[in-house]
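Structure first, commentary second.
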Amino acid sequence: MKTLGILGGMGPLATADLYSKIIALTPANCDQDHLHIIIDSFAQIEDRTQYILGLGESPLPKLIQSATLLKNAGAQAILMPCNTAHFFADEIEKQVGVDIIHIAKTAVNALKLAYPNAKDIAVIATSGTKKAGVYDKILCEYGLNSVSFSQKQQDNIMSCIYDGVKAGKTTEFVELMRDTLKSIKADVYIAACTEIPMFLPYLLDEFKFIDATLELAKFAVEFGLEKRIF
């Protein structure tokens, strides 16, 4: 069994969601069958989107600090339940010397398996993730089209993330999320911000979704237990 680290706090609910999914997916009959997971919920890491958009301080120093802590605690690989933070993944790996299991790669691999005929993919993510092309590069490599959004559509998504989930008001923003998704035409939608899965219980009957956090959790379980399960 391998030890995994979760570089979390971006945000705390997203971190808890990833860990909960790892627990639920692990084929365990007792406590000792579960993975050894080290979590650093470092909520003080600067906003990733604000930095990418040129509006805030770099989160990289604190990301490196957290990754170093996790590595020194015994983590053999790191999970980041923040999609936008993967903009910094290569630099974290370089400076800390630890592997990061890339959330976008696991999500797109799962999408191809689940929806082999899909072509137009809507990446439901922060403006930072969108601008950084965290998913677009990988989708392009697979011959898939990342659907473009209007500014209003993206503003609505950001409101659902920041004014909704991050502010503890998810249910109040379900209708805005539903209406926004209806206005975005795509074969499949990727929940590419770790706050978006908070909306999925209200939306899965209407839209085909790949939950990037769920796919990261599946990969983590197989990586940690060192065997195929899913």
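Can you run down the residue pairs with Cβ atoms below 6 Å, 6 or more apart or on separate chains, where the first is in segment 148-166 and over 16 Å from LEU200 (Cα atoms) and the partner is charged (D, E, K, R) and part of a helix (DSSP H, G or I)?
none
Which numbered condition in (1) free of Cβ contacts under 8 Å to residues at least 40 places away in the same chain; (2) of a type outside the set (Val, Ile, Thr); (3) in contact with a helix residue (DSSP H, G or I) (Cβ under 9 Å, 6 or more places away or on another chain); (4) open to solvent by 40 Å² or more (accessible area, probe 1.4 Å) is the only one that LYS71 fails?
Of the numbered conditions (1) free of Cβ contacts under 8 Å to residues at least 40 places away in the same chain; (2) of a type outside the set (Val, Ile, Thr); (3) in contact with a helix residue (DSSP H, G or I) (Cβ under 9 Å, 6 or more places away or on another chain); (4) open to solvent by 40 Å² or more (accessible area, probe 1.4 Å), the odd one out for LYS71 is (1).
Could you tell me whether segment 51-59 includes any residue that is touching a Leu at 6+ places or on another chain (Cβ under 6 Å) and surrounded by 15 or more Cβ atoms within 10 Å (Cβ to Cβ)?
No, segment 51-59 contains no residue that is touching a Leu at 6+ places or on another chain (Cβ under 6 Å) and surrounded by 15 or more Cβ atoms within 10 Å (Cβ to Cβ).
Restricting to segment 146-195, give me the number of residues that are among the β-branched types (Val, Ile, Thr), part of a helix (DSSP H, G or I) and surrounded by 16 or more Cβ atoms within 10 Å (Cβ to Cβ).
6
Which of the residues that make up segment 110-145 are open to solvent by less than 20 Å² (accessible area, probe 1.4 Å), of a type in the set (Ser, Thr, Tyr) and over 18 Å from the mean Cα position of the chain (by Cα)?
Pass one, segment 110-145, residues open to solvent by less than 20 Å² (accessible area, probe 1.4 Å): 110-111, 118, 121-126, 128-129, 132-135, 138-139, 144.
Of the ones still in play, those that are also of a type in the set (Ser, Thr, Tyr) are 126, 129, 135.
Once the filter is applied, which keeps residues that are open to solvent by less than 20 Å² (accessible area, probe 1.4 Å), of a type in the set (Ser, Thr, Tyr) and over 18 Å from the mean Cα position of the chain (by Cα), segment 110-145 yields nothing.
Does ILE92 satisfy being touching a residue at least 12 places away in the same chain (Cβ under 8 Å), open to solvent by 10 Å² or more (accessible area, probe 1.4 Å) and β-branched (Val, Ile, Thr)?
Judged against the criteria, ILE92 is not a match.
Please verify whether segment 29-46 includes one or more residues that are small (Gly, Ala, Ser) and free of Cβ contacts under 8 Å to residues at least 12 places away in the same chain.
No, every residue in segment 29-46 fails to be small (Gly, Ala, Ser) and free of Cβ contacts under 8 Å to residues at least 12 places away in the same chain.
The values are calculated or read from the model by the stated rules, or taken from the named source; none is laboratory data. These figures come from a predicted structure and were not determined experimentally. Here the Cβ is made from the backbone with ideal geometry for all residues, glycine too, and neighbour counts use every protein chain on show. The area values use the complete protein model at the heavy-atom level, side chains included, leaving out ligands, DNA and RNA. Shrake-Rupley method; radii C 1.70, N 1.55, O 1.52, S 1.80 Å.
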